Structures are given as C-alpha cells and as structure tokens.
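Notes follow the structure.
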Amino acid sequence: AAKHLGRNNFQIYEMSQDQAQQQDVALISRLRHAERNGELRVFYQPQVDAGTEDIVGMEALVRWEHPELGGISPGVFIPLAEESGLIVSIGEWVLRTACAQAHAWERAYGLRLRLGVNLSAVQLMERNLLEVVAGVLGETGLDPDLLELEVTESISIKEVPNLVENLEGLHELGCRIAIDDFGTGAASLDYLRRLPADRIKIDQSFVRNIGIDPDDEAIVRATIEMAHRLKRGVVAEGVEIEQHFEFLRANQCDELQGYLFCRPLPQSSFERLLAERQRLVESGGTVAA
Ligand code: C2E
Ligand code: MG
Ligand code: MG
Ligand code: MG
C-alpha cells in the first residue's frame with residue numbers, strides 16, 4: 001500500500017487489491033481534469049557544476065496539488081498517468097511550460113541554463129513525438145541545444161520499438177539525451193551501447209550509499225570513468241550531504257543535483273535564486289548555488 005500514500009492523504013492501513021484498484025481509478029478520473037483545472041505545476045531543481053558549484057541547468061519536475069487531496073507525489077500519479085495514457089498530454093504540457101520558462105529566464109538573466117525534461121515510455125512510443133518537440137521548440141523559442149530529454153533506464157528497448165529511432169530524431173532536432181536512473185535497469189550497459197545518449201544520470205540509490213557501502217562507491221566511480229571514456233557527461237542525482245559531494249568531485253563527476261544544493265523549487269523561488277546569483281556575479285562575488 002505504500003505506493004498509494006500521498007504526502008498527506010489516504011489510509012495508512014493495508015488496502016486490499018480491490019480497494020487499491022478503486023482508488024487508482026478514482027485518482028485517474030481526477031487527474032483527467034488536473035491539467036485543465038490548473039492543478040499541475042512545474043518545479044525546477046538546479047544542477048550545479050561539480051567544480052565551480054555554479055548553476056548550469058535544471059530539471060523540470062511536475063507537481064500535482066489537488067484542492068481536497070493535497071499534494072500527490074509524482075511517484076504515485078505518474079504511473080497512473082502512464083497507465084491511462086494521460087501522460088501524453090501532461091508530458092506535453094510540462095514540456096511546453098518548462099521550455100517557455102527556460103527561454104524567459106534566458107532572456108531575463110542572460111543565462112543559458114540547460115533544461116532537463118523527463119519523457120515517459122508512453123511518450124517515446126508516440127509516433128508524433130518529434131513533431132510535438134519540434135513544435136514546442138518553435139513556439140517557445142528555446143534553443144534545442146538547451147533541451148535535454150531524460151529517458152529512464154527502466155524502458156525496455158524491445159518494448160518501445162521506435163525508441164532508438166525517436167532518440168536519434170530528437171538528436172537531429174538538436175536536443176540532448178540523458179539516461180535517467182542509470183544503473184537501476186536490467187540492461188544498463190546495453191542501453192549505453194545502443195542509445196544515442198549524451199549524458200547519464202547516476203541513480204540516487206548509489207549516491208545515497210557513498211560513505212556507507214564500498215561496493216556502491218566502486219560502482220559510482222566505475223560509472224563515471226566509463227561514461228567519460230565513452231565521451232558522455234555524468235550527473236549524480238540525490239546528492240544530500242557534503243560527503244557525497246566530496247566523493248563525487250574527487251572522482252570527476254561533472255554535475256550534481258540534490259538537496260545539498262537545492263530542492264525542486266516553484267517558479268517564483270527559482271527566479272529569486274537566479275536574481276540572487278545575478279546580483280552576486282555583478283558584485284564580483286561567488287556564484288555557488
Ligand atoms: P527523476 O526523474 O529521477 O527525478 C529525480 C527525483 O529525485 C525527483 O523526485 C526529485 O525531487 C528527487 N530528488 C532530488 N534531489 C534529491 C535528494 O537529494 N534526495 C532525494 N531523496 N530525492 C531527491 P520527484 O519530483 O518526486 O519525481 C519522481 C519521479 O517522477 C522522477 O524521477 C521522474 O521519474 C518522475 N517525474 C517527475 N516529473 C515528471 C514529468 O514531468 N514527466 C515524467 N514522465 N516523469 C516525471
Ligand atoms: Mg529525471
Ligand atoms: Mg526517474
Ligand atoms: Mg532519476
């Protein structure tokens with residue numbers, strides 16, 4: 001039942017499968033109206049350069065605030081959105097909102113921040129994915145080079161027949177590709193070999209064990225080295241404490257994302273962060289996040 005626990009709602013007892021299913025159906029019907037009712041928001045989490053600690057990019061993360069149920073975590077509603085097909089329109093809304101925002105920030109602050117947007121397997125199966133992305137880039141004016149589409153490793157290359165083709169198409173549009181949650185799928189190395197990825201994002205489950213589990217440390221180190229040998233960039237996710245940071249920096253990880261630097265922020269707070277950074281740059285100070 002843990003998967004059904006939103007942040008501040010739903011029961012804490014074990015549900016029967018039936019009850020769980022009914023709850024899923026009820027949530028899906030609410031999710032159907034979420035976009036139109038303005039219940040969805042995009043939050044942005046900074047990604048920092050491991051050397052300078054300057055903000056170099058951000059990941060767009062969708063949030064759902066239901067008027068009665070409160071905040072529902074993406075871990076709960078994204079799978080339901082995928083199951084119901086709603087992810088196609090929600091994903092497109094996130095993409096359009098985040099690209100427009102990134103372009104607005106580029107103009108306001110003169111910063112070329114890379115924008116990461118998650119794509120679901122369902123979206124990657126859509127035949128018109130390339131048209132949608134090209135359309136959004138055209139409408140919003142964002143430089144395709146600044147858009148990085150994150151593809152999670154749990155997507156099977158077999159289950160998504162046109163995955164490689166679609167990713168190559170996205171490349172041709174000028175976008176970047178990142179493999180998300182790297183190391184957690186069943187076929188990480190196959191993925192790395194077959195997908196036209198520019199970067200990999202080391203999964204939080206490895207980063208969390210830095211300083212705790214020497215095996216996970218070895219995996220993190222080897223992953224960074226392998227990525228670099230393959231001329232790919234590496235981002236570490238879930239960097240929460242100084243010790244993670246030290247280890248990742250010492251092992252040449254390129255970029256870092258995690259609560260140590262910043263939580264995902266609503267638009268207005270992210271803007272304050274950029275304004276503050278601009279003020280520091282103009283006064284000749286340090287720009288660390
Ligand atoms: P993800 O793409 O791997 O995103 C990173 C997740 O890690 C986010 O969770 C973020 O809030 C969380 N995180 C960041 N730093 C830390 C940290 O230091 N410690 C810990 N414990 N967590 C950290 P979030 O926002 O709850 O999203 C969960 C997942 O939902 C995402 O994982 C992604 O797979 C999916 N998701 C979120 N937004 C979208 C979207 O717009 N489209 C699609 N298709 N999936 C999305
Ligand atoms: Mg991601
Ligand atoms: Mg993920
Ligand atoms: Mg991830």
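Each reported figure results from applying straightforward, stated rules to the coordinates on display, with no laboratory input. Note that the coordinates shown come from a computational prediction; the quantities given were computed from them, not determined experimentally. Every residue, glycine as well, gets a Cβ built from its backbone with ideal geometry; the counts of neighbours run over all protein chains shown.
Within the range 1-146, antiparallel bridges make up roughly 75 percent of the DSSP beta bridges whose residues both belong there. Across the range 57-74, rounded Karplus estimates of 3J(HN,Hα) from the backbone phi angles (6.51 cos²θ - 1.76 cosθ + 1.60, θ = phi - 60°) give x, 7, 10, 7, 10, 6, 10, 10, 10, 7, x, 9, 7, x, x, 10, 6, x Hz, Gly and Pro being marked x. Here, the range 89-184 yields an orientationally averaged convex hull projection of 5.9 nm² when only Cα atoms define the hull.
Charged neighbours of I87, selected by a Cβ distance under 13 Å, balance to -4 (K, R count +1; D, E count -1).
Under 5 Å from the amide H of V56 lie the amide H atoms of Q47, V48, D49, each residue being 5 or more positions distant or on a separate chain, with H modelled from the backbone and absent for Pro and chain starts.
Across the range 70-207, C-alpha contacts under 8 Å between residues 6 or more apart give a mean separation that, scaled by the residue count, equals a relative contact order of 20 percent. 3J(HN,Hα) along the range 186-201, derived from phi through the Karplus expression 6.51 cos²θ - 1.76 cosθ + 1.60 where θ = phi - 60°, amounts to 7, 9, 3, 6, 4, 4, 4, 6, 9, 9, x, 9, 8, 9, 10, 10 Hz, with x in place of Gly and Pro. Under 5 Å from the amide H of R176 lie the amide H atoms of L147, E148, L149, each residue being 5 or more positions distant or on a separate chain, with H modelled from the backbone and absent for Pro and chain starts. With N as its number of residues, the range 114-163 has a Cα radius of gyration that, divided by 2.2 N^0.38 Å, comes to 1.20.
Here is the size of the chain from its Cα atoms: Rg then Dmax, 19.2, 61 Å. Calculated mean residue ellipticity at 222 nm for the chain: -14000 deg cm²/dmol, from DSSP H runs with n ≥ 4 weighted as -39500 (n - 2.57), summed, divided by the residue count and rounded to 500.
Scanning residues 5 or more positions from I200 or on other chains, those with amide H under 5 Å from its amide H are I179, G233, V234, V235, with H placed 1.01 Å from N in the peptide plane. Annotation: the range 130-289 has a Kirkwood hydrodynamic radius of 17.4 angstrom, from the mean reciprocal C-alpha pair distance.
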